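Bear in mind that the values in this text are calculations on the coordinates, not laboratory data. Predicted, not measured: the structure shown is a model, and the values here were computed from it. Please note: Cβ atoms are built from the backbone with ideal geometry, for glycine as well, and neighbour counts cover all protein chains shown.
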Amino acid sequence: MKSTGIKRNYYGYLFIAPFVIGFLIFGLYPVFNTLALSFTDTTLMVKESNFVGLKNFQRLFADNQFTKAVKNTWLIWILNFIPQIGVAMLISVWFTSARLKIKAVGVWRALFFLPNLLMPAAVAALYFSLFSFYGPVNQFFVRMDILPEAMHFLQDVVITRGLVVFIQWWMWFGQSIIIVMAGMTSIPISLYEAAMVDGATAGQMFRRITMPLLKPILIYIFVTSLVGGMQMFDIPFLLTDQRGSPRGSIMTNNILMYLKFASSKGHIGAASSVGVLVFIMTTIAALGIFYVLRDKDTAKGRKLDRKLFFGKKAAR
Amino acid sequence: MRKYILLLLSLLIIASMLTAGTVFAEEPVAEPAQDKTVLNVWSFTNEINTMAIAFEGLNPDVDVVYTMIPMTAGEYQTKLKAALGTADAPDVIALEAAFVKEYVEADFLADLGDLMVYAEEAETYPFVTDVGTHDGVIKAYAYQATPGAVFYRRSLALEYFGTDDPVEVQALMADLDKFVEMAAVVKEKSDGNTYMVGSSGDFQNPFFANREQPWIVDETLIVDPMVEKYIEIAKMFRDEGYEAQAQQWQEGWFAGMNDSLVDAEGNAKQVFSYFLPTWGLPYVLAPNAASADGATDTSGDWGVVTGPLPYQWGGTWLGVMAESPNLELAKEFVRFATLDQENLTNWATGVYTNEYLAAIDPEVPEDQKQAPGDFVSSQVVVENIVDSFDDSDLSAFLAGQNSYAGFAVAAPSVNAKLMTGSDDAIQRALNDPINQYLNGEIDEDALWEAWKDALRIEFPDLIIP
């Protein structure tokens, strides 16, 4: 019996082997390769390349384009994340409320999730047509006398940014609802019943029961949304001219990286330096989220556990 | 027993993971035929597939595997760059005018100097071979020559200028000043309901084609006076209301071609002229001359003139990857597609019908064919076939005018010596600053600053004054 127990451990390794091998080849190797590339002037169109030290990074900070891209990305992400998590929480509370008893929750949930199934390319094309100079939005506003004459919506900084924020919110809030609802339904109903017996209000129940028990779920949404947000690409890329126009206002980190890659010579060395900085920035921000939202009561006793947990998350 | 089952299961998982990649990678490409030499050709339209099938007809032992990757948002260029120097690289690649120079200036294309004798024989237009040449080595040839022109509405010309004759209309817009005067007359006589052009972007190419210096000289950015002139004229067109503010390739721009353009208040608007090159007639103007609901059709109401400035726009070149295992066959394909006089004649005169292609390859898609009218790169072929267009469908579209003859006059004088691999990125970076300036959001100084900032992203070594 003893010997089979040890052998079983080997089977464990065998079972995780597909993931580990896949991760090493497609996950870890590209990270290190990107790091190595970021110190070179490698281009796709010229075969030789040289080690240039930190020159790529210096260049990123020499002009204002990288800082602009970082600011744009954070702005667009925060503006879409706050309403996203807010609406997700509100709707989830309504849907799971024992008092409201909303019917056909599944149908609503599916409807909210639908935009997420659309191809970003189709969504971008749809909004591009709607807001074009000869498009329906202009026709509506001019004929309703809201606008004196047609305008170039997608050449306006505020409107274009607002559209990206809205599309990101619209495409992703359904996803957040599903996760938040899963979290809320996993909270034992007996806690709420006990609270109701004690005469707690809906607000009190939300603050004292739902929020604390939902924290792990919220951290998960926060971090995955952050990682996704820092890599935001398809909608801002396709909505205007594939350069983050107007005036670079929707040029995100990844669009900047793509522009460097897609430039005439294909500067993948310079593009990698953007990727490396975005990676570092995202890691620091994710660790910051864990730190701020940590469970303060049991923090001391679980110091060791948390270290392991952080190690795992950072590697992803 | 359980041990073996577990072992088997885990091995199966690993095996399925490893094979999954290869299975998916092979699926989209057609299975190459047995006992045939496979030639991989990549392009961004299905156009060259017609020639690929014709090539298979002449070379039964060759299987051309044709892969089309669209370039709507740069997918083709991205895919091609990623495949360079890897085993996935194709044998023959199609290169659009916007990025052909990037490849001609780089290390990946084979020297096609052997084919120059055929080009001399076919009298390929000099600018076509100039574009394919870098440091004296020719790496790409084209089957098209693409001189530009101005297409105008005959009925509107008759109404505003009393003539629809191409010679007289050309005299009216013979230079830039006259072109601007003409725009003013169009606006005045139509009470602002007809625009001279759909978008000021329409005449960007002609201005840029008439620069004196390329964008980059000795690693330094050059702003040619013609670029400043373009921005000045574009601003005037916007402020005076000579342009419809449509964007090229967008709905409003196409709507102007068939008189279905309606402004936001619901007033009908018309567009007097379009700057389009050779391919613009069969591929852009003619297919869009009838509105979607069939209510309006402008066919037969168009004329074509050289316009205020000579220029060329677009075109597709073919190159061979230097590391292709089928180098000779790939070269032969390029020779056939771009320099073979019989093929070019067939291409331009509509011999390659769907039935013709289906006889070679029964699985050919129903829309695969080449309609007559594409302007080819060989002067010999052009001179042979030019008269055959006197009473073609395209001539009927132009009220009897033979556009092919007009292009045959314009093509030898086209100059593409200014073209470099950086042009496309530099010019695309200029578009948004120009739009911002035209909208009055920023002043001209800010326009240049915004453009130079954007250029620093893509040209790390460029000296920007």
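Only helical runs count toward this figure. For chain A, summing -39,500 (n - 2.57) over DSSP H runs of n ≥ 4 and dividing by all residues gives -22000 deg cm²/dmol at 222 nm. The dipole here belongs to segment A:38-315: it is taken about the Cα centre, uses +1 on the Cβ of Lys and Arg and -1 on the Cβ of Asp and Glu, and is about 900 debye. Taking Cα centre as origin and charging only the Cβ of basic (Lys, Arg, +1) and acidic (Asp, Glu, -1) residues, the dipole magnitude of the protein assembly as shown rounds to 7480 debye. For the pair segment A:106-133 / segment B:255-269, the C-alpha centres are spaced 28 Å from each other.
Counting only DSSP H runs of at least 4 residues, each contributing -39500 (n - 2.57), and dividing by the residue count of chain B, the helix-based mean residue ellipticity at 222 nm comes to -13000 deg cm²/dmol. Here's the picture: a label point sits 7 Å out from the Cα of B:MET116 along the beta-carbon direction, and within segment B:333-358 the residues with their amide nitrogen under 19 Å of it are B:334-336, B:338-340. Each part gets one Cα centre, and for segment A:219-279 versus segment B:130-196 those centres are 39 Å apart. Scanning chain B for long hydrophobic helices, with DSSP H runs required to stretch 27 angstrom or more by C-alpha along their axis and to average at least -0.5 on the Kyte-Doolittle scale, returns B:2-26. Amide H contacts of B:TYR141 (H built 1.01 Å from N, in plane; Pro and chain starts excluded): B:LEU318 sit under 5 Å, all sequence-distant by 5 or more or on other chains.
Across the options A:PHE261, A:ASN64, A:TYR220, the greatest Cα extent toward the positive end of the charge dipole of segment A:38-315 (unit charges at beta carbon of Lys, Arg, Asp, Glu) belongs to A:TYR220. Within the protein assembly as shown, DSSP assigns beta bridges of which about 65% are antiparallel (rounded to the nearest 5). For the pair segment A:38-73 and segment B:352-419, the centres of their Cα atoms are 46 angstrom apart.
Among B:87-95, B:294-302, A:26-34, the peptide with the highest mean count of other Cβ atoms within 10 Å heads the list, and the full ranking is B:87-95, B:294-302, A:26-34.
Report the net charge of residues surrounding B:LYS189, where surrounding means a beta-carbon distance below 14 angstrom and charges are Lys +1, Arg +1, Asp -1, Glu -1. Overall, the nearby charge balance is -2. Which of the listed residues, B:PRO70, B:VAL382, B:GLY198, is farthest toward the dipole's positive end in the protein assembly as shown, when Lys, Arg count +1 and Asp, Glu count -1 at the beta-carbon? So the residue furthest toward the plus end is B:PRO70. Under a model in which nothing but the beta-carbon of Lys, Arg (+1) and Asp, Glu (-1) is charged, chain B shows a dipole of about 840 debye around its Cα centre. Take every DSSP beta bridge whose two residues both sit in chain B; close to 65 percent of them are antiparallel.
Using the Cβ atoms and a cut-off under 13 Å, what net charge is assigned to the surroundings of B:GLY252, where Lys and Arg are +1 and Asp and Glu are -1? Computed value for this residue: -4. Projecting the Cα atoms of B:GLN144, A:VAL197, B:ALA290 onto the dipole axis of the protein assembly as shown, where Lys and Arg carry +1 and Asp and Glu carry -1 at the beta carbon, places A:VAL197 farthest toward the positive end. Cross-link partners for A:LYS101 among the aspartates and glutamates, with Cα-Cα distance under 19 Å and sequence neighbours closer than 8 places in the same chain left out: A:GLU193.
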